[in-house]
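For reference, the structure is listed below as structure tokens.
The values are calculated or read from the model by the stated rules, or taken from the named source; none is laboratory data. Since the structure is predicted, the reported quantities are computational estimates derived from the model, not experimental observations. Cβ atoms come from the backbone with ideal geometry, glycine included; neighbour counts cover every protein chain shown.
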Amino acid sequence: MKRIGKQVRLVMSALVLFLVMAPESNSNGAECPCLLSFYNQSLHFTGNGMRYWYEEPNGFMSITNIPYNNLGCKTCHVKSCDRCHAIQNGSAMHFSQKKTKDMNTCLQCHTRAKLTFKYGKAADNLDVHIASGFVCADCHYQGNVHGDGRAKPSMRHPSPNGVSATCQGCHVDQKTESPEFDRETPSHSAHGEKLHCSACHVNSTMACYNCHFDSALKTGKKGNFIPMNDWMLLINYNGQVTSGSAMALVYQNKKFIAYCPYFTHSISAQARSCDKCHQNKAVREMSKGNTVTVVDFKNGKVVPWKGVVPVVPDKLNWVYLNKIGKNKWVPVKDDRDAKVQFAAYGKPLTNEQFEKLAKDVK
């Protein structure tokens, strides 16, 4: 039991939609002042977003039966100011604001974003903001990082929202000088407020697919997943259709998938054309009564779908894999259906919404 307990404590959570690294203690051994402030209610400190969806009745804990407190997730969240602010100067540590504006400070934990930028650069399709010289702190600052003193169950909680950075803040309200949103653009006027900017401007979703929880428990290391950015889901969130992702997990041959809204930082100034969503290949297949295999496995290799896929759960298929060695995977031999969760307040598309996608817009 001690050995199992140790393995469980080492696990890097497969539930988070980004991977993180373990924090450090306060450099001088004293209690960090931020722990006595509003910061201790922030999601950066508590990690409650992961707990909330993991422990939800339909969450992954219903499969693992391992309490959140026995996972290593909570040890990864920043417990002092040092992780983001402390710099070494000779033999002493000093407080720095400059360090917080260095993207490497953020990307050492937010590794899904790091992967997104890596893939985008390789494909000559880097996020338009990053390509223009933006850093994380240009959009995410103050309450986004330190919290506002109000406890939140998830960064996607609609009110109070855990992330206040919005496209509208710059492109509509002009809080900073930016290309201004034009309501008269045909695609903008046609969709009105029913479509979030990300549904058209996110190039693709960065997915850390098929996290193999057994391997994570056994090794205590990250990397037991398959990165891919070939597809993007359309999902409902907070009254709008937005970009989404899916997180597939496997534990003791038990299959699980969570659908959620997800804002991948792979933004293009030029939005996708109408036919990339309306009557696209996935929609046509579903309209015929067929299912769409978003991730398949052929000849020993993962084969992802390419393009936009609407979230209609009973029309989507996913392959679930067991890890048998370094970069070696085999399909799970279990005919039982995967348990499905809609996390982060996401909801599937309605029949009416799907019918609109199935119509010819020419």
>> Condition (residue is under 25 Å from H212 (Cα atoms), touching a helix residue (DSSP H, G or I) at 6+ places or on another chain (Cβ under 6 Å) and not in a helix (DSSP H, G or I)) applied to segment 313-325: is it met by at least one residue?
In response: yes
> Can you name every residue in segment 287-328 that is surrounded by fewer than 20 Cβ atoms within 10 Å (Cβ to Cβ), farther than 30 Å from K359 by Cα and either in contact with a Gly (Cβ under 9 Å, 6 or more places away or on another chain) or not charged (D, E, K, R) (or both)?
Replying inline: F297, N299, G300, V302, N322, I324, G325, N327, K328
> On the given criteria, is P304 in contact with a Leu (Cβ under 7 Å, 6 or more places away or on another chain) and on the phi < 0 side of the Ramachandran plot?
Replying inline: no
>> So K121 passes all but one of these: (1) of a type in the set (D, E, K, R); (2) in a helix (DSSP H, G or I); (3) surrounded by 15 or more Cβ atoms within 10 Å (Cβ to Cβ). Which condition number does it fail?
In response: (3)
>> Name the single residue that is surrounded by the fewest Cβ atoms within 10 Å (Cβ to Cβ) among those in segment 124-148 being outside any helix (DSSP H, G or I) and of a type in the set (D, E).
In response: D124
> How many residues are buried (at least 16 other Cβ atoms within 10 Å of the Cβ), without any contact (Cβ under 8 Å) to a residue 60 or more places away in the chain, in a helix (DSSP H, G or I) and not charged (D, E, K, R) when one looks only at segment 48-74?
Replying inline: 4
> From A151, A190, which residue is more than 18 Å from the chain's Cα centre (by Cα), among the aliphatic types (A, V, I, L, M) and either on the phi > 0 side of the Ramachandran plot or not in a helix (DSSP H, G or I) (or both)?
Replying inline: A151
> Does S187 fit the bill of being touching a Ser or Thr at 6+ places or on another chain (Cβ under 8 Å) and either surrounded by 15 or more Cβ atoms within 10 Å (Cβ to Cβ) or modelled with pLDDT under 95 (or both)?
Replying inline: no
